[in-house]
Amino acid sequence: MRKIILRGTASGFLLAGTVTVGLVANTAWAQSQNDSSVGFEWKDGTEVYAKVCGHCHETKVGPVIRGRHLPAAYVRTIVRDGLRAMPSFRSSEIDDTSLEKVAEYISKN
Ligand code: HEC
């Protein structure tokens with residue numbers, strides 16, 4: 001294997017430059033990673049219902065939950081805590097705002 005040996009001030013400067021750019025890029029990357037983990041929000045309650053709840057609640061895997069005027073608070077509790085065969089969803093899966101919207105949607109539709 002060939003060894004790369006950096007000598008002299010010019011290459012030393014280049015190396016320091018590369019490390020600095022690398023650090024800045026890494027920080028920016030970490031920042032965007034953080035943003036994306038908090039930043040996702042479903043568009044509205046209808047979308048959450050169609051893309052998440054509907055998989056079970058429109059296919060008879062779970063009971064019908066629309067048209068029953070289930071209280072929004074009840075829906076929110078079950079989504080966060082689960083209920084027997086119903087899985088619980090963490091806030092990384094459905095954020096609080098979206099849960100609020102889907103619970104509202106279900107209580108009214
Ligand atoms: C993996 C399938 C599945 C998904 C996805 C799912 N559910 Fe359920 N859910 C169930 C099942 C099964 C039950 C019945 C639980 C039992 O009684 O054992 C249930 C029960 C419920 C109940 C109680 C119904 C009642 O009659 O009191 C509510 C409210 C509910 N789900 C809301 C939701 C919402 C809102 C979503 C979407 C965020 C959702 N569920 C997603 C399977 C699912």
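Values quoted throughout were computed directly from the atomic coordinates according to the rules given, and no laboratory measurement underlies them. Quantities reported herein were computed from a predicted structural model and do not represent experimental measurements. FYI the Cβ positions are ideal-geometry reconstructions off the backbone, even for glycines, and counts take in every protein chain you see.
Kindly list the residues of segment 74-109 that lie in the label zone of ARG68, defined by a backbone N under 11 Å from the point 7 Å along the Cα-to-C-beta vector. Flagged as within label range: 75.
Between amide H atoms placed 1.01 Å from N, distances below 5 Å from MET86 occur with no residue 5 or more places distant or on a separate chain.
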